[in-house]
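Enquirer: Can you keep this structure in mind? I'll have questions shortly.
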Amino acid sequence: MRISVIGCGYLGAVHAAAMASIGHEVVGIDVDQRKIDALARGEAPFFEPGLPEILAEGIASGRLTFTTDIAAAEGARVHFIGVGTPQQAGGYAADLTYVNAAIDTLLPHLRAGDVVAGKSTVPVGTASDLAARVSPTGATLVWNPEFLREGWAVQDTIDPDRLVAGVPTGPEGERAADLLREVFHPAVAKGTPFIVTDYATAELVKVAANAFLATKISFINAMAEIAEVTGADVTQLADAIGHDERIGRRFLGAGIGFGGGCLPKDIRAFAARAEELGKHESVTFLREVDAINLRRRDRAVQLVVDALGGSVFGKRVAVLGAAFKPHSDDVRDSPALDAAVRLHGLGANVVVTDPQAIENARRLHPQLNYTANRDEAVRGADAILMVTEWDEYRRDFTPEQASALTDGRIVVDGRNGLDPAAWRSAGWGYYGMGRP
Ligand code: NAD
């Protein structure tokens, strides 16, 4: 099928390449010329495992092209919208400027029977507004939220755990849902749940899922706060409650909290939208979820300050990790980078290392020192702060290796990913999040 993908960022570039990899003829469209030039050369403009391979394959097959010219969308039967919906400057609500612009520029190129499939995460009510603009062209708007996880985006796009399509009622909606089934044919053929619903439900599925995940993380981080004043160990607590299959252990990793381009802005936008709907009390808890999450950044920084005797001024601190999570170079609202910036603000000589995210981090915070080499970062450090769980900082970094690089003997484990016993027995002061 001919498909267009409008917006080629973390979501859209992967979506375009993944759709080509399952046999579609895809044009990826973005307003960012540099991004499009890179993609057209087969270069992934960001780090995502598996993306370079499917990009190269798609381009070589001739089924995958990229352009900044929206007219190239003409002739596609399904147009996916994957542009950004960031937090508004100076507010909590989602900024819909890019979604509106994408729809406006696409409208003249739509034909009757086309399907416009919104994938961006939007406040509930957006799709019905957009549908009113799309309908006069004879095309149908569907809302098809995206659940991919950065780091696993290729697999999640080709083989998602569920597909959701918010469609208008009646035969038009049924036809649009059928077209989407055709697009996602390998997943549909293997029996992946395909939920056809109304616009509002489809939009809410996405934000509710993110709100739930954020709440689960902040729940265990709240327990970490209690553990800190009682001497309890939150990791053992998480293991113990996680054995209850109604609770489950996943997303119960206490630490420096969540970040990235989705969870923080999505829960804020949800709260802002609920307020507009006169239902702010229904999601007031999300404010608390957000607050708990942000307090963990303070806590990690405070642990470093305390461990260094009350001041980090002039002290060298190695920050292991800049990305908001491993297997990604995304530093949007990254707790790791935030902690580094705060330590720098307190006068520390911060050296940040990350296997993939240095370039993005440097662009955002040029005031910090960076090195891609972990050992270089650790050399001579008075303290180490581990904040992104890359294997090279967690699994493949022993206290003995660290001891050979520095006389400093303080390690703050912002992700509770290190083995406290191993570090302590090697003579290190180990400080975890919610652990004695
Ligand atoms: P991103 O910033 O990486 O990409 C957005 C892209 O849209 C940019 O390349 C930008 O140049 C482009 N764009 C902006 N206006 C445009 C226009 N008028 N026409 C064409 N292109 C335009 O953002 P992202 O992380 O890919 O997120 C996109 C959307 O997907 C957001 O709503 C986000 O919440 C949602 N989402 C993201 C993820 C994720 O893991 N990144 C997962 C699920 C959902």
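Enquirer: Be a star and scan segment 117-151 for residues whose amide nitrogen sits under 12 Å from the point 7 Å along the Cα-to-Cβ vector of K279.
Expert: Counting only backbone N, you get 124-125.
Enquirer: Taking a probe of 1.4 Å, how large is the accessible area per residue of segment 233-436, in Å²?
Expert: Averaged over the residues of segment 233-436, the accessible area is 43 Å².
Enquirer: Could you go through segment 161-172 in sequence order and give the Karplus-derived ³J(HN,Hα) for each residue, using 6.51 cos²θ - 1.76 cosθ + 1.60 with θ = phi - 60°, rounded to whole Hz, and x for Gly and Pro?
Expert: 7, 7, 10, 10, 10, x, 10, x, 6, x, x, 4
Enquirer: Using the alpha-carbon centroid of each, what span in Å lies between segment 357-436 and segment 332-347?
Expert: If we compute the Cα centre of each part, the gap is 15 Å.
Enquirer: Continuing with the same structure: Ignoring any ligand, DNA or RNA, what whole percent of the accessible area of the chain comes from carbon and sulfur when the probe is 1.4 angstrom?
Expert: Here it works out to 54 percent.
Enquirer: Which of the peptides 274-286, 408-420 is most tightly packed, and how do the rest follow, going by the mean number of other Cβ atoms within 10 Å of each residue?
Expert: Descending mean neighbour count gives 408-420, 274-286.
Enquirer: Two decimals is fine: what's Rg over Rh for segment 1-77, C-alpha atoms, Kirkwood radius as Rh?
Expert: Reported Rg/Rh, Kirkwood definition of Rh: 0.91.
Enquirer: From the alpha carbon gyration tensor of the chain, can you work out the equivalent ellipsoid semi-axes (sqrt of 5 times each eigenvalue) and give them in Å, largest to smallest?
Expert: Over the Cα atoms of the chain, the ellipsoid semi-axes are 42, 24, 19 Å.
Enquirer: Moving on to the next point. Give the calculated FRET efficiency between A422 and D298 to the nearest 0.05, with a Förster radius of 30 Å applied to their Cβ-Cβ distance.
Expert: 0.65
Enquirer: I've got another one for you. Out of all DSSP beta bridges in segment 2-197, what portion is antiparallel? Express it as a percent rounded to 5.
Expert: Here the antiparallel bridges make up roughly 5 percent for segment 2-197.
Enquirer: Using 0.36 nm per residue, how much length does the chain from I247 to D32 gain when fully extended, once their Cα-Cα distance is taken away?
Expert: Going from the current span to full extension adds 73.1 nm.
Enquirer: To continue, here is another question. Taking the Cα centre of the chain as origin, work out the dipole magnitude from +1 charges on Lys and Arg Cβ and -1 charges on Asp and Glu Cβ, in debye rounded to 20.
Expert: Its charge dipole is roughly 440 debye.
Enquirer: Then there is this: For segment 233-436, what Kirkwood radius comes out of the mean inverse Cα-Cα distance, in Å?
Expert: For segment 233-436, the Kirkwood estimate is 17.6 Å.
Enquirer: Using +1 at the Cβ of each Lys and Arg and -1 at the Cβ of each Asp and Glu in segment 2-197, identify which of G42, G75, N100 lies farthest towards the dipole's positive end.
Expert: G75
Enquirer: What does the highest-first list of 386-392, 10-16, 54-60, 255-261 look like by mean Cβ count within 10 Å?
Expert: The densest-packed peptide leads the list: 10-16, 255-261, 386-392, 54-60.
Enquirer: Would you please give the residues with an amide H less than 5 Å from that of I81, counting only those at least 5 places away or on a separate chain, with H modeled from the backbone geometry?
Expert: Residues meeting the amide H criterion: I6, A117, G118, K119, S120.
Enquirer: Projecting each Cα onto the charge dipole of segment 233-436 (Lys/Arg +1, Asp/Glu -1 at the beta carbon, about the Cα centre), which of Y430, F397, G242 comes out farthest on the positive side?
Expert: Y430
Enquirer: Same structure again: Kindly state, to the nearest 0.05, the FRET efficiency for I195 paired with D306, given R0 = 41 Å and r defined as their beta-carbon distance.
Expert: Calculated transfer efficiency: 0.25.
Enquirer: Could you tell me how far the Cα centroid of segment 149-207 sits from the Cα centroid of segment 71-137, in Å?
Expert: 17
Enquirer: Going 7 Å from the Cα of S128 toward and past its Cβ, which residues in segment 185-209 have a backbone nitrogen under 16 Å from where you end up?
Expert: Only 197-205 fall inside the zone, counting backbone N under 16 Å.
Enquirer: Sticking with this structure for a sec: What is the log10 of I(q)/I(0) for segment 286-360, computed with the Debye formula using one identical point scatterer on each Cα and no solvent, at q = 0.16, 0.24 Å⁻¹?
Expert: -0.59, -1.08
Enquirer: What FRET efficiency, computed as 1/(1 + (r/R0)^6) with R0 = 51 Å and r the Cβ-Cβ distance, is obtained for N369 and A71, rounded to the nearest 0.05?
Expert: In this case the efficiency is close to 0.65.
Enquirer: Compute the projected area of the convex hull of the Cα atoms of segment 2-197, averaged over all viewing directions, and report it in nm² to one decimal place.
Expert: Seen from a random direction, the Cα hull of segment 2-197 projects 10.4 nm² on average.
Enquirer: Have a look at the DSSP beta bridges in the chain and tell me what percent are antiparallel, nearest 5.
Expert: 5
The values are calculated or read from the model by the stated rules, or taken from the named source; none is laboratory data. In this text the structure is predicted, and so the values were computed from the model without any measurement. Virtual Cβ from ideal backbone geometry, glycine too; neighbours counted across all protein chains shown. Areas reflect the complete protein model, heavy atoms only, side chains present, ligands, DNA and RNA absent. Shrake-Rupley method; radii C 1.70, N 1.55, O 1.52, S 1.80 Å.
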